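Student: Just passing along the structure, written as structure tokens.
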Amino acid sequence: MDQFTINLLFVGASFALYIGIAIWARAGSTSEFYAAGRGVHPVTNGMATAADWMSAASFISMAGLIAFTGYDNSTFLMGWTGGYVLLALLLAPYLRKFGKFTVSEFIGDRFYSQTARIVAVICLIVASVTYVIGQMTGVGVAFGRFLEVSNTSGLLIGAAVVFAYAVFGGMKGVTYTQVAQYCVLITAYTIPAIFISLQLTGTPVPALGLFGDTASGEPLLTKLDAIVTELGFNEYTAHHSNTLNMVLFTLSLMIGTAGLPHVIMRFFTVPKVADARWSAGWALVFIALLYLTAPAVGAMARLNISDMMWPNGGIEGGAVTVEQIDNDARYDWMATWQKTGLLDWEDKNGDGKIQYYNDKNADMQALAEEKGWVGNELTKFNRDILVLANPEIANLPGWVIGLVAAGGLAAALSTAAGLLLAISSAVSHDLIKGAINPQISEKGELLSARIAMAVAIVVATYLGLNPPGFAAQTVALAFGLAAASIFPALMMGIFSTRINNTGAVAGMLAGLVVTLVYIFLHKGWLFIPGTNSFTDADPLLGPIKSTSFGAIGAMVNFATAYIVAGMTKETPQEIKDLVESVRIPRGAGAAQDH
């Protein structure tokens, strides 16, 4: 059986499972559509939250970014996992006790303002649409490879699949679909990692293999450092980036995690306040299974790629030949990925070999001139393909490649569904029912939610054709927007009675606008290529990249809210009493349910 057929079997079987679950658990009421009827078990919710959380950025993109940068990109791991601790301790239980369906509803009630609710909806939509762009980027990469079509065709096919099961299932369908998707994605991520760890280090646990010895007796990371520095790249295990930017980026990811509406919504689905805490704890356990494996996947893949491009023992042994790439079965993966447009190479100097090295390094430029090289000939290697290509690079069995196909799609589609649900809930429940037409029927509200979701899919698909970065980088921008706009409002809403409606609205708008403008200055206005004034290689404010600015935006939000609140009318006493009742655990065993 050829690989294409194996891929179709694995992907087709997983899709049949997801769509079957979505039909079985189809939402019949707004309570089931928004909060799964508030009857989800904490372990089930933790697993669904993990799938909702571990998107294309985590499964497809993160290990690729770590592989080609090394230690400096460990910030993704630190920021995203640290954010869950914040979410579990500071937000989830209190928001569940408040007993509403959506984040915007909490903000509107806490700050006793329809304007605050509408501003929260705008912030939520901006952050969530940016996040969905990253997911659709991953969907395009995965479908493009495993259906052996172009990246654009893969994106359009993926959008149709998301529409099929997200629009009809609502939160109830999405919850149980995500449980299945978690099982698929974690199996698909860990099995190839175990195979590759055994190949390289003889250790079946990838996280231990990362610090183990290779067959030659040399530690894996020491060997990797030697190879990449020989090719003119930065030492893999050393810190090279600006420390201030690294700290701000980690902080932005952490507080962005705690402010992401599609994740917070999951904690409205459990019966009690205590269950919200347990859900967050279980989610962290399920997430850790992948996040402890990702650094090993990145490092081992980088070592395998370097060995494939220099199969004769490094630069002195000579680069891989064009003939080998064309005729050796071990290099078939390169031709397959070339069809997607995400991998390419060119024999620039006509010597029949493909030299892969850092042609921007001064020492390598001198060596290249001496040897007659005219530049790096591995001209394109999209970071988002690494995890999906990893089993092929390591020459693993065909069924493992098919499993990874299903896992990559599960990761991208599960988060896309959760995000689209957050967007549709904000539009139908908070904007239409909450502000425009409070008398709308339940049937009309469900219809408007599904229409909003369909529109969001179309917009995200269009923007996903020209994303502002790799999947994880685009997602990091969304975290920055959530960090700058939603997280401060939630924190101040729960822990401060001083912040009034005017302060909250001013803070959210200030944080959102300043962060959005900074991102657009670096990534292009509305993410349109060529409209940017700066780049992350040469940022506007010293070393602070657009992906790190969310932490600054959050500070602007907090400062603006406190200043404006201090200059305007004090918070009403009944709102202060409401805040105290939510925050202080008197009778907190059972959550409100209204």
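Student: Where residues in the range 243-277 are at pLDDT 90 or above and polar (S, T, N, Q), which of them is surrounded by the fewest Cβ atoms within 10 Å (Cβ to Cβ)? Steps first, please.
Tutor: At the first step, the residues of the range 243-277 found to be at pLDDT 90 or above are 243-256.
Now restrict to residues that are polar (S, T, N, Q): 243, 245, 250, 252.
Numbers: T243: 9, N245: 21, T250: 21, S252: 32.
Checking each candidate, the answer is T243.
Student: Let me ask something additional. For the range 186-209, indicate whether the set of residues that are surrounded by fewer than 17 Cβ atoms within 10 Å (Cβ to Cβ), without any contact (Cβ under 8 Å) to a residue 24 or more places away in the chain and not in a helix (DSSP H, G or I) is non-empty.
Tutor: Among the residues of the range 186-209, at least one is surrounded by fewer than 17 Cβ atoms within 10 Å (Cβ to Cβ), without any contact (Cβ under 8 Å) to a residue 24 or more places away in the chain and not in a helix (DSSP H, G or I), which makes the answer yes.
Student: Further question: Can you pull out every residue in the range 141-156 that is part of a helix (DSSP H, G or I) and polar (S, T, N, Q)? Can you show your working first?
Tutor: Here is the first cut: in the range 141-156, the residues part of a helix (DSSP H, G or I) are 141-146, 151-156.
Residues satisfying the conditions are N151, T152, S153.
Student: Out of L378, L403, L386, I need the residue that is more than 15 Å from the chain's Cα centre (by Cα) and closer than 19 Å to S14 by Cβ. Which one?
Tutor: Details: L378 fails: closer than 19 Å to S14 by Cβ; L386 fails: closer than 19 Å to S14 by Cβ.
Unique residue meeting the criteria: L403.
Student: Quick check on my filter: what residues within the range 462-478 are open to solvent by 10 Å² or more (accessible area, probe 1.4 Å) and out of contact with any Pro (no Cβ under 9 Å at 6 or more places or on another chain)?
Tutor: First pass over the range 462-478, keeping only residues open to solvent by 10 Å² or more (accessible area, probe 1.4 Å): 462-463, 465-470, 473.
The answer is Y462, L463, L465, P467, G469, F470.
Student: Separate question: Among (1) in contact with a Ser or Thr (Cβ under 8 Å, 6 or more places away or on another chain); (2) under 25 Å from L147 (Cβ atoms); (3) open to solvent by 10 Å² or more (accessible area, probe 1.4 Å), there is one condition L290 misses while meeting the rest; what is its number?
Tutor: (3)
Student: Conditions: (1) under 22 Å from the mean Cα position of the chain (by Cα); (2) hydrophobic (A, V, I, L, M, F, W, C); (3) closer than 27 Å to Y71 by Cα. W310 meets all but one. Number of the miss?
Tutor: W310 satisfies every listed condition except (1).
Student: Could you run through the range 495-517 and say how many residues are assigned to a helix (DSSP H, G or I) and either touching a helix residue (DSSP H, G or I) at 6+ places or on another chain (Cβ under 6 Å) or touching a residue at least 60 places away in the same chain (Cβ under 8 Å) (or both)?
Tutor: Our first condition is that a residue be assigned to a helix (DSSP H, G or I); within the range 495-517, this holds for 495, 501-517.
Among the residues that remain, those that are also either touching a helix residue (DSSP H, G or I) at 6+ places or on another chain (Cβ under 6 Å) or touching a residue at least 60 places away in the same chain (Cβ under 8 Å) (or both) are: 495, 501-512, 514-516.
Of the residues in the range 495-517, 16 are assigned to a helix (DSSP H, G or I) and either touching a helix residue (DSSP H, G or I) at 6+ places or on another chain (Cβ under 6 Å) or touching a residue at least 60 places away in the same chain (Cβ under 8 Å) (or both).
Student: Oh, and also: Could you grab me the full set of residues in the range 117-143 that are within 15 Å of A484 (Cα to Cα), among the aliphatic types (A, V, I, L, M) and surrounded by 24 or more Cβ atoms within 10 Å (Cβ to Cβ)? Full working, then the answer.
Tutor: Taking the range 117-143 as the starting set, the residues that turn out to be within 15 Å of A484 (Cα to Cα) are 119-128, 130-131.
Narrowing the set further to residues that are among the aliphatic types (A, V, I, L, M) leaves 119-122, 124-127.
The answer is V119, A120, V121, L124, A127.
Student: A561 versus (1) under 27 Å from F470 (Cα atoms); (2) open to solvent by less than 50 Å² (accessible area, probe 1.4 Å); (3) of a type in the set (A, V, I, L, M): which is the lone unmet condition?
Tutor: Result: A561 fails condition (1) only.
Student: A further question on this structure: Does any residue in the range 316-333 that is of a type in the set (K, R) come within less than 6 Å, Cβ to Cβ, of a residue that is open to solvent by 40 Å² or more (accessible area, probe 1.4 Å) six or more places away or on a different chain, and which pairs are these?
Tutor: R330/N395
Student: Being part of a loop (DSSP other than H, G, I, E, B) and touching a Ser or Thr at 6+ places or on another chain (Cβ under 7 Å) is the filter; apply it to the range 312-364 and report the residue that is surrounded by the most Cβ atoms within 10 Å (Cβ to Cβ).
Tutor: Of all residues in the range 312-364, those part of a loop (DSSP other than H, G, I, E, B) come to 312-319, 328, 339-342, 345-352, 355-361.
Cutting the leftovers down to touching a Ser or Thr at 6+ places or on another chain (Cβ under 7 Å) gives us 340-341, 345-346, 352.
On the way: T340: 25, G341: 13, W345: 20, E346: 13, G352: 11.
Top of the filtered list is T340.
Student: Only one of L481, L521 is surrounded by fewer than 24 Cβ atoms within 10 Å (Cβ to Cβ), in contact (Cβ under 8 Å) with a residue 12 or more places away in the chain, in a helix (DSSP H, G or I) and not hydroxyl-bearing (S, T, Y); which? Walk me through how you get there before you give the answer.
Tutor: Details: L481 fails: surrounded by fewer than 24 Cβ atoms within 10 Å (Cβ to Cβ).
Criteria check complete, one pass: L521.
Student: Return the total of residues in the range 216-267 being among the hydroxyl-bearing types (S, T, Y) and in contact (Cβ under 8 Å) with a residue 40 or more places away in the chain. Spell out how you get there, then give the answer.
Tutor: Going through the range 216-267, the residues among the hydroxyl-bearing types (S, T, Y) turn out to be 216, 222, 229, 236-237, 241, 243, 250, 252, 257.
From what's left, in contact (Cβ under 8 Å) with a residue 40 or more places away in the chain: 236-237, 241, 250, 252, 257.
The total comes to 6.
Student: So, restricting to helices (runs of 4 or more DSSP H) that lie completely within the range 220-307, which ones have at least 2 residues that are more than 19 Å from the chain's Cα centre (by Cα)? Break it down stepwise before answering.
Tutor: Working: elements: 220-230, 243-257, 261-264, 273-291.
Hits in the range 220-307: 220-230, 243-257, 273-291.
Student: Restricting attention to the range 278-287, and to residues there that are in contact with a Pro (Cβ under 7 Å, 6 or more places away or on another chain) and at pLDDT below 85, which single residue is surrounded by the most Cβ atoms within 10 Å (Cβ to Cβ)? First the steps, then the outcome.
Tutor: Quick first cut of the range 278-287, residues in contact with a Pro (Cβ under 7 Å, 6 or more places away or on another chain) only: 278-279, 282.
With the extra rule that they be at pLDDT below 85, the set shrinks to 278-279.
Working: W278: 19, S279: 28.
Restricting to residues being in contact with a Pro (Cβ under 7 Å, 6 or more places away or on another chain) and at pLDDT below 85, the top hit is S279.
Student: Here's something else I'd like to know. Restricting to the range 526-550, name every residue that is assigned to a helix (DSSP H, G or I) and at pLDDT below 90.
Tutor: Residues of the range 526-550 that are assigned to a helix (DSSP H, G or I), as a first pass: 526-527, 546-548, 550.
Matches in the range 526-550: L526, F527.
Student: Tally time: how many residues in the range 144-166 are open to solvent by less than 10 Å² (accessible area, probe 1.4 Å), modelled with pLDDT under 80 and not small (G, A, S)?
Tutor: Selection size over the range 144-166: 4.
Student: Still on this structure, I have one more. Give the residue that is modelled with the lowest pLDDT, with candidates limited to residues of the range 34-69 that are outside any helix (DSSP H, G or I) and surrounded by fewer than 24 Cβ atoms within 10 Å (Cβ to Cβ). So that I can check it myself, show each step before the final result.
Tutor: Initial filter on the range 34-69 (outside any helix (DSSP H, G or I)): 39-41, 54-55.
When the remaining residues are screened for being surrounded by fewer than 24 Cβ atoms within 10 Å (Cβ to Cβ), the result is 39, 41.
Values: G39: 57, H41: 78.
So, considering only residues that are outside any helix (DSSP H, G or I) and surrounded by fewer than 24 Cβ atoms within 10 Å (Cβ to Cβ), the one modelled with the lowest pLDDT is G39.
Student: Still on this model: Search the range 524-538 for residues being in contact (Cβ under 8 Å) with a residue 24 or more places away in the chain and open to solvent by less than 40 Å² (accessible area, probe 1.4 Å), and hand back the single one that is nearest to L463 (Cα to Cα).
Tutor: For the range 524-538, the residue satisfying everything is F527.
Student: Might you let me know whether the range 113-128 holds any residue that is farther than 30 Å from L290 by Cα and at pLDDT below 85? Even if it seems obvious, please write down each step before you answer.
Tutor: Filtering the range 113-128 down to residues farther than 30 Å from L290 by Cα leaves 113-122.
Imposing the further condition that a residue be at pLDDT below 85 reduces the set to none.
The answer is no, given that none of the residues of the range 113-128 is farther than 30 Å from L290 by Cα and at pLDDT below 85.
The values are calculated or read from the model by the stated rules, or taken from the named source; none is laboratory data. Because the structure is predicted, anything quoted here is derived from the model rather than measured. Heads up, the Cβs are rebuilt from the backbone with ideal geometry, glycines too, and the neighbour counts pull from every protein chain shown. Surface areas here come from the heavy atoms of the whole protein model, side chains and all, with no ligands, DNA or RNA. Shrake-Rupley method; radii C 1.70, N 1.55, O 1.52, S 1.80 Å.
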